[in-house]
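Structure, as structure tokens:
The values are calculated or read from the model by the stated rules, or taken from the named source; none is laboratory data. Here the structure is a predicted model, which is why all the values come from computation and not from measurement. So basically every Cβ, Gly included, is an ideal-geometry build from the backbone, and we count neighbours across all protein chains shown. Only protein heavy atoms, including side chains, enter the accessible area calculation; ligands, DNA and RNA are left aside. Shrake-Rupley method; radii C 1.70, N 1.55, O 1.52, S 1.80 Å.
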Amino acid sequence: MKYTAVVLAGLILLAPRTDAQPSSKNDWVALFNGKDLSGWKINGDEKWIAENGTILCESAANKYGYLTTAKTYRDFNLRLLFKGEAEGNSGVFFHARILGIDPKHGPDIEGMQAEVDPNIGKHTGGLYESGGRGWVAMPTAAGEQALKPGEWNKLEISVLGNHIVTRLNEVRIVDYTDPAPKFSDGVIGLQIHTGGGVRVRWKDIEIQEIPKH
């Protein structure tokens, strides 16, 4: 009986995984090293600095600004912490690309955005497609109340094919299957919205890529 149990356990361990998730928590990779902006690109004239283990984004030219990854991503789980320190609007882009620079409002971008706003009820975690359809998925009623103003908030974004799930402080905000995705991959980007007044801190930015199967 003991020998049979050992054989069965070995077969279970050797059996292929049938889900699309990575097999180990060690697959999480830090996108921000806590010291500088290595691996990121500043787009526009807004302020992006590494400070005290965080990324600080702040309005400077009152235009749009984006901090984008050098690498592109397809299917992934992303998690990070953010804290709004002013009234300005921000966001986390994915499957995105910078199209160019407009002298009036700064960089143009297209892609999907998970909204980030410092105020309750302003759709943080909702999905907005820039350069396309606009709002595609709004938060649930409970999701609109999940933000903690002035505190660190945990935002999670999961993308697998055309299925997107966002969570804010462990509350599911949207669970959206996109009927017409414009892009299947692209950079990840942090946003400074035009209009001035933006000041947001980011930290503990980690990604877990989901391999093709």
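One table, with the values for the structure above:
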item: Using θ = phi - 60° and Karplus 6.51 cos²θ - 1.76 cosθ + 1.60, couplings along the stretch 73-88 (whole Hz; Gly, Pro as x); result: 9, 10, 10, 6, 10, 10, 9, 7, 10, 9, 9, x, 10, 8, 8, x
item: Cβ-Cβ FRET estimate between residue 61 and residue 154, R0 fixed at 30 Å, reported to 0.05; result: 0.50
item: Relative contact order computed over the chain (Cα-Cα under 8 Å; 6+ residues apart), in percent; result: 31 percent
item: Dipole magnitude of the chain, debye to nearest 20 (Cβ charges: Lys/Arg +1, Asp/Glu -1, about Cα centre); result: 440 debye
item: Heavy-atom accessible area per residue - the stretch 94-213, 1.4 Å, Å²; result: 44 Å²
item: Entries of 47/104; 154/182; 35/148; 35/63; 71/154; 154/212 with Cα pairs more than 20 Å apart; result: 154/182; 35/148; 35/63; 71/154; 154/212
item: 5 angstrom amide H check on residue 137, placed H, neighbours 5+ away; result: 127
item: Estimated FRET transfer efficiency (residue 45, residue 141; beta-carbon r; R0 45 Å; 0.05); result: 0.70
item: The stretch 28-110: C-alpha gyration tensor shape, a/c 1.5 cut-off, then a/b vs b/c; result: oblate
item: Percent accessible area from carbon and sulfur atoms, the chain, protein chains only, probe 1.4 Å; result: 53 percent
item: Folded to 0 to 90 degrees: helix 2-14 orientation relative to the chain principal axis, Cα; result: 30 degrees
item: Furthest towards positive pole of dipole, 126, 141, 93, structure part the stretch 68-207, Cβ charges; result: 93
